[in-house]
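Visitor: Sharing a structure below in structure tokens format, with a few things to ask.
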Amino acid sequence: MTSRQQGRRAVVTGLGVVAPNGVGADAFWKATRQGVSVLDRISREGCAGLPLRVAGQVQDFDPQAVIDSRYLVQTDRFTHYAMAAADLAVADAGFQPDSEQPFAVGVVTAAGSGGGEFGQRELQQLWGQGPRFVGPYQSIAWFYAASTGQISIRGGYKGPCGVVASDEAGGLDALAHAARTIERGTDAVVAGAAEAPLAPYSMVCQLGYPEVSLAEQPDRAYLPFTAQACGFAPAEGGAMLLLEDEQAARRRGAAVRAHLAGHGATFTGASRWEESRVGLAAAIRIALDEARIAPEEIDVVFADALGVPAADRAEALALADALGPAAERVPVTAPKTGTGRAYCGAPLLDVAAAVLAMEDGVLPPTPNVTEVCHDLVLVTGRARPAELRTALVLSRGLMGSNSALVLRRGEQP
């Protein structure tokens with residue numbers, strides 16, 4: 001955010017959520033606040049024989065009810081989630097794009113897995129019937145940039161658009177990229193990430209990650225920061241945000257839900273979890289410096305919470321390194337233990353939860369986790385009331401990216 005034009009800064013005015021525990025911000029927050037766990041045995045067709053048993057699946061989502069058929073036929077499930085979440089975010093903000101200013105609105109998304117379900121279907125057509133039966137949209141539907149393209153086309157958004165490819169941490173990096181775009185002069189950006197990695201083809205690919213949990217019981221599959229940690233349960237879904245220039249948002253009378261105050265990103269290498277301590281701590285310090293706040297001003301941390309003992313230990317130590325004595329008292333939470341880890345969508349769901357937590361004055365709990373074996377003030381059991389002005393959201397990718405984002409409550413100057 002160093003290239004900020006005079007007086008321009010990005011704020012959140014709209015939230016759109018498509019998550020395993022609810023579609024829409026209200027449903028998502030109600031379940032998150034209550035600490036509901038929706039992890040379950042994977043029920044998707046073709047997945048029963050795979051060793052990956054438990055995940056977070058989006059329920060009660062009918063893409064035909066929210067997306068025109070002409071877009072449905074050329075897009076994968078991960079783009080359906082992103083388009084639906086984008087619609088929700090724009091509606092939540094009460095945003096009406098100016099048809100005379102189409103270049104004033106951009107789109108930025110992040111993706112880690114792309115369109116596995118669409119790709120698998122077309123590959124089966126190729127193997128079973130031959131190349132003449134492969135649909136023409138195979139060339140675009142699987143592509144990690146598909147969500148950005150389809151959201152921009154569908155919404156008529158012709159401003160700066162982009163795609164971030166930096167593993168799971170790319171979800172936070174996409175918001176930072178969008179914020180910088182606004183600071184350089186764009187009025188609004190639809191930004192976020194959604195994933196759909198539960199097709200058989202995608203799941204077989206995930207089996208190559210030693211960090212994926214192969215536990216068979218939903219309540220034992222994803223237990224970060226505990227002695228029983230055995231990896232993470234994957235998930236689908238994600239969130240999209242409408243970011244606007246603060247002055248432009250206030251001129252049109254929009255409610256400012258949060259400020260994107262600071263962001264930091266580093267890289268430490270694939271599965272080098274011990275080294276992620278240094279990288280994540282550095283990302284936190286960069287984010288704090290950019291936000292111009294002290295460690296003791298952080299009121300809550302939304303943890304990356306990988307569920308791998310070495311990674312959990314590194315995260316706890318990174319917080320101690322970056323926050324100093326403040327780490328001994330700051331509440332830490334990981335609501336994703338109830339929904340699963342939706343790759344690039346996971347930190348976006350944490351950002352949505354952080355915005356809602358600050359608005360509601362509530363610390364959401366970490367579902368299924370009880371006995372913590374790391375030096376963290378982890379919120380477990382049930383939600384706790386708290387005055388929250390500033391939140392720190394953390395994310396790490398399996399390939400080595402580390403990212404930290406500082407959010408401040410909307411009504412603050």
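The values are calculated or read from the model by the stated rules, or taken from the named source; none is laboratory data. Note that the structure is a prediction, hence the values are computed from the model and not measured. Positions of Cβ are backbone-derived with ideal geometry, glycine not excepted, and every protein chain shown enters the neighbour counts. Heavy atoms of the whole protein, side chains included, go into the accessibility calculation; ligands, DNA and RNA do not. Shrake-Rupley method; radii C 1.70, N 1.55, O 1.52, S 1.80 Å.
Visitor: Taking the range 43-78 only, how many residues are modelled with pLDDT of 95 or more and β-branched (Val, Ile, Thr)?
Guide: Within the range 43-78, residues that are modelled with pLDDT of 95 or more and β-branched (Val, Ile, Thr) number 2.
Visitor: Give me the pairs: first residue in the range 378-402 and in a strand (DSSP E or B), second residue among the basic types (Lys, Arg) and open to solvent by 10 Å² or more (accessible area, probe 1.4 Å), beta-carbon distance under 9 Å, and six or more apart or on different chains, which are they?
Guide: Close Cβ pairs (under 9 Å, with a partner that is among the basic types (Lys, Arg) and open to solvent by 10 Å² or more (accessible area, probe 1.4 Å)) amount to 390/408; 390/409; 391/408; 391/409.
Visitor: Could I ask something else about it? State which residue is farthest from the chain's Cα centre (by Cα) when the search covers only the range 165-175 and only residues that are crowded, with 24+ Cβ neighbours inside 10 Å and closer than 16 Å to residue 280 by Cβ.
Guide: Residue satisfying both the conditions and the ranking: 173.
Visitor: Please give the number of the condition residue 142 fails out of (1) open to solvent by less than 60 Å² (accessible area, probe 1.4 Å); (2) within 25 Å of residue 203 (Cβ to Cβ).
Guide: Just one mismatch for residue 142, condition (1).
Visitor: Let me ask you something else. Taking residue 84, is it small (Gly, Ala, Ser) and part of a helix (DSSP H, G or I)? Before you say what the answer is, go through the steps one by one.
Guide: Values: small (Gly, Ala, Ser): yes; part of a helix (DSSP H, G or I): yes.
Answer is yes for this residue.
Visitor: Now, a different point. Restricting to the range 105-155, give me the number of residues that are touching a strand residue (DSSP E or B) at 6+ places or on another chain (Cβ under 8 Å) and not in a strand (DSSP E or B).
Guide: Count: 11.
Visitor: Give the residue, chosen from 188, 91, that is closer than 29 Å to residue 391 by Cα and surrounded by fewer than 16 Cβ atoms within 10 Å (Cβ to Cβ).
Guide: Exactly one residue qualifies, and that residue is 91.
Visitor: Inspect all residues belonging to the range 333-356 and state whether any of them is open to solvent by 10 Å² or more (accessible area, probe 1.4 Å), in a loop (DSSP other than H, G, I, E, B) and more than 24 Å from residue 78 (Cα to Cα).
Guide: Scanning the range 333-356 turns up no residue that is open to solvent by 10 Å² or more (accessible area, probe 1.4 Å), in a loop (DSSP other than H, G, I, E, B) and more than 24 Å from residue 78 (Cα to Cα).
Visitor: Please enumerate the residues belonging to the range 26-69 that are open to solvent by less than 50 Å² (accessible area, probe 1.4 Å) and either among the aliphatic types (A, V, I, L, M) or part of a strand (DSSP E or B) (or both).
Guide: Residues satisfying the conditions are 27, 31, 38, 39, 42, 50, 52, 54, 55, 56, 58, 67.
Visitor: Can you spot a residue in the range 152-160 that is at positive phi, at pLDDT below 95 and open to solvent by 30 Å² or more (accessible area, probe 1.4 Å)?
Guide: Yes: the range 152-160 contains one or more residues that are at positive phi, at pLDDT below 95 and open to solvent by 30 Å² or more (accessible area, probe 1.4 Å).
Visitor: Under 6 Å between Cβ atoms, which residue pairs at least 6 apart in sequence (or on different chains) link something in the range 343-354 that is within 11 Å of residue 16 (Cα to Cα) with a partner that is open to solvent by 10 Å² or more (accessible area, probe 1.4 Å) and at pLDDT below 95?
Guide: none
Visitor: Got at least one residue in the range 233-245 being farther than 18 Å from residue 353 by Cβ and open to solvent by 50 Å² or more (accessible area, probe 1.4 Å)?
Guide: no
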